[in-house]
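Participant: If you scroll down you'll find the structure; I have some questions about it.
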Amino acid sequence: MRNLGRLLMLGMLITGTISIVLPAAANADARVQTQVPCVSYVGGNFYSGSGTDVVADTGNVTLTCHLALVTGTPVTQPTRTTYGNCDTLQLPSGRAELNCHYSLV
């Protein structure tokens, strides 16, 4: 059940990001999208925030998000979790950083 939740969140994150980035990929002047909504569900903790998408000429995308804990318990030490193409760093402060790398082509 936990893995299904993670998979669904990852799917929503990537789908939402692609829908925001596709118009940018068609315009050479719009290669960076800011204030992209982001979420991460890791180890029973749910984080939400916003981030930045950067699209390279090759179609490779880097998404970096700064998140805050919405529900769950803060970790006691910095904890890094990788799921698919995304990496989440949880911090004891209740903050987290999400980094994803994927291709539009």
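Participant: Need pairs with beta-carbon distance below 9 Å; first residue within 16 Å of residue 38 (Cβ to Cβ) and modelled with pLDDT under 95 and within the stretch 86-105, second part of a loop (DSSP other than H, G, I, E, B) and among the small types (Gly, Ala, Ser); sequence gap 6+ or separate chains.
Facilitator: That search, which allows pairs on different chains as well, returns 102/84.
Participant: Could I ask something else about it? Would you please name the residue that is surrounded by the most Cβ atoms within 10 Å (Cβ to Cβ), looking only at residues in the stretch 67-105 that are closer than 14 Å to residue 40 by Cβ and polar (S, T, N, Q)?
Facilitator: Checked the stretch 67-105; the qualifying residue surrounded by the most Cβ atoms within 10 Å (Cβ to Cβ) is 90.
Participant: Please work out if residue 73 is among the hydroxyl-bearing types (Ser, Thr, Tyr) and either within 20 Å of residue 34 (Cα to Cα) or modelled with pLDDT under 95 (or both).
Facilitator: Working: among the hydroxyl-bearing types (Ser, Thr, Tyr): yes; either within 20 Å of residue 34 (Cα to Cα) or modelled with pLDDT under 95 (or both): no.
The answer is no for residue 73.
Participant: Condition check: touching a strand residue (DSSP E or B) at 6+ places or on another chain (Cβ under 8 Å) and among the hydroxyl-bearing types (Ser, Thr, Tyr). Does residue 103 satisfy that? Walk me through how you get there before you give the answer.
Facilitator: Details: touching a strand residue (DSSP E or B) at 6+ places or on another chain (Cβ under 8 Å): yes; among the hydroxyl-bearing types (Ser, Thr, Tyr): yes.
Taking the combined requirement at face value, the residue satisfies it.
Participant: Let me ask something else about it. Kindly list the number of the only condition in (1) exposed (fewer than 14 other Cβ atoms within 10 Å of the Cβ); (2) under 22 Å from residue 35 (Cβ atoms) that fails for residue 64.
Facilitator: (1)
Participant: Modelled with pLDDT of 85 or more and either closer than 22 Å to residue 103 by Cβ or touching an Asp or Glu at 6+ places or on another chain (Cβ under 8 Å) (or both) - does that describe any residue in the stretch 15-29? It would help to see each step written out before you state the result.
Facilitator: Kept after step one, since they are modelled with pLDDT of 85 or more, are these residues of the stretch 15-29: none.
No: zero hits.
The values are calculated or read from the model by the stated rules, or taken from the named source; none is laboratory data. These numbers come from a predicted model, not from an experiment. Reconstructed Cβ throughout: ideal geometry from the backbone, glycine too, with neighbour counts over all protein chains shown.
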